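Novice: This is the structure I have questions about; it appears just below.
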Amino acid sequence: MAAKDDNAGPALLVIAIVMVVLCVLSTSLRCWIRYTRKFLGPDDYTIAAATLLAIGRVTIQCISVPYGNGRHRQFLDEADYRQINFLTWLTQLFLFPLLCLLKLSVCLLVLRIKNTKALRYSLWTVMAGLLLATLLPEVVLLAECNPVSAYWNSQPERCWNPKVRIYSIYFQTAMSVLTDIICTLLPIAVVWDLTLSLRDKVAVCGLMSLGVISTTFALVRASSLGLNATDLSWTYCWAAIWGDIEFGTGILGANLALSRTYFEYFAKGLRTLTNPSKGHDAGYDQEYDLSGYNNRAIYVGPISQQPKLDVEVRRGSYARSDESQAPLDPGISRKVEIQVSRADRQHSEI
């Protein structure tokens, strides 16, 4: 029995708010920049969904602290303890899909950088395992008590052994750690691809670091649970703290892996403001489709200054007017449209 009324609630409150604010700011920046560049993709949608779940989880935690979440059970009245258990149960329902969406976003981002057949099969297998590992603790949380309210009303006779729930969380954590290790090792093959740009390699290295950090906090979160089911207001508060740090650093790390893209975006905007004539490469205008993978480089300068590129020139008209030697009026330059051809355009913009 606890000797004094320790309270981890304030620590939970501060950490949860800091983590969710960082997640919201970094995810908003990522989605805004990609939207303006017309390059939103599945990895952005999944991490945005994870951030929304993080907001819901932290909101519930903020509500639970005034009831005594983070204190030992012996210092709480029965009504407050039941309310804490109910709110903690809800936060767990948010946590596992949140972590799953985060890791799915990382896998989808890697596939946007390099989408080879072997890597695609490997990551889709990882994603399938993540979905199954997430589904198990969710099913246990919903099915372990009959009715469900018996969980927070302290009616153990109506519930399964608490070890079932805790072991299902251990299994989810083990799968999470395994996928973190896989997602940490797989990008090594991507980094050694000499065709990748420096920006893509920076993103991949950031994802590798993210896997190590996420694995560490996942292990700490699981070890903080233990098998004690009699003082949940204290035990699960510490598990919640480590869980918040896990998803917070995960979302922030996944967003910061694209920091080079943010820098280039703002640097280009600054150049445009200070010198509008240098807003884009001289003589060229880039046109991207909605996927961001295909683009056209349209040369709009004088024909005599057109650089030599390894490109496919679109077939001219039947009249061969593009070969005409007739002089142009002063101030008029000929416009030639060319189609840039590259072996792999999937990592052209990250």
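Novice: Which one is modelled with the highest pLDDT, of the residues in segment 249-284 that are β-branched (Val, Ile, Thr) and in contact with a Leu (Cβ under 9 Å, 6 or more places away or on another chain)?
Specialist: To start, the set of residues in segment 249-284 that are β-branched (Val, Ile, Thr) comprises 249, 251, 261, 272, 274.
Filter once more, so that each one left must be in contact with a Leu (Cβ under 9 Å, 6 or more places away or on another chain): 249, 251.
Details: Thr249: 86, Ile251: 90.
Ranking the qualifying residues of segment 249-284, first place goes to Ile251.
Novice: Across segment 61-101, what is the number of residues that are under 21 Å from Gly250 (Cα atoms) and aromatic (Phe, Trp, Tyr)?
Specialist: 2
Novice: Another question about this same structure. Is there any pair linking a residue in segment 104-133 that is closer than 18 Å to Thr261 by Cβ to one that is part of a helix (DSSP H, G or I) and among the acidic types (Asp, Glu), with Cβ under 7 Å and at least six apart or on different chains, and which?
Specialist: Every condition considered, the pairs that remain are Ser105/Asp43; Leu108/Asp43; Leu109/Asp43; Arg112/Asp43; Ile113/Asp200.
Novice: Is it the case that segment 64-78 has a residue that's touching a Lys or Arg at 6+ places or on another chain (Cβ under 9 Å), among the aliphatic types (A, V, I, L, M) and at pLDDT below 95?
Specialist: Taking every residue of segment 64-78 in turn, none turns out to be touching a Lys or Arg at 6+ places or on another chain (Cβ under 9 Å), among the aliphatic types (A, V, I, L, M) and at pLDDT below 95.
Novice: Out of (1) at pLDDT below 65; (2) buried (at least 21 other Cβ atoms within 10 Å of the Cβ); (3) within 30 Å of Asp80 (Cβ to Cβ), the odd one out for Gly226 is which?
Specialist: (2)
Novice: Kindly establish whether Ser154 is at positive phi and at pLDDT below 80.
Specialist: Working: at positive phi: yes; at pLDDT below 80: yes.
When the stated conditions are applied, Ser154 passes them.
Novice: Still on this structure: Look through segment 234-248, keep the residues that are under 22 Å from the mean Cα position of the chain (by Cα) and touching a residue at least 60 places away in the same chain (Cβ under 8 Å), and return whichever of them is nearest to Ile84 (Cα to Cα).
Specialist: Ala240
Novice: Name every residue in segment 132-174 that is over 26 Å from Asp80 (Cβ atoms) and crowded, with 19+ Cβ neighbours inside 10 Å, in order of residue number.
Specialist: Ala133, Thr134, Ser168, Gln172, Thr173
Novice: Output the number of residues of segment 54-72 satisfying the condition of being of a type in the set (Ser, Thr, Tyr) and out of contact with any helix residue (DSSP H, G or I) (no Cβ under 6 Å at 6 or more places or on another chain).
Specialist: First, the residues of segment 54-72 that are of a type in the set (Ser, Thr, Tyr): 59, 64, 67.
Among the residues that remain, those that are also out of contact with any helix residue (DSSP H, G or I) (no Cβ under 6 Å at 6 or more places or on another chain) are: 59.
Number of matching residues: 1.
The values are calculated or read from the model by the stated rules, or taken from the named source; none is laboratory data. Given the structure is predicted, the values throughout are model-derived calculations rather than measurements. Backbone-built Cβ (ideal geometry, glycine too); neighbour counts: all protein chains shown.
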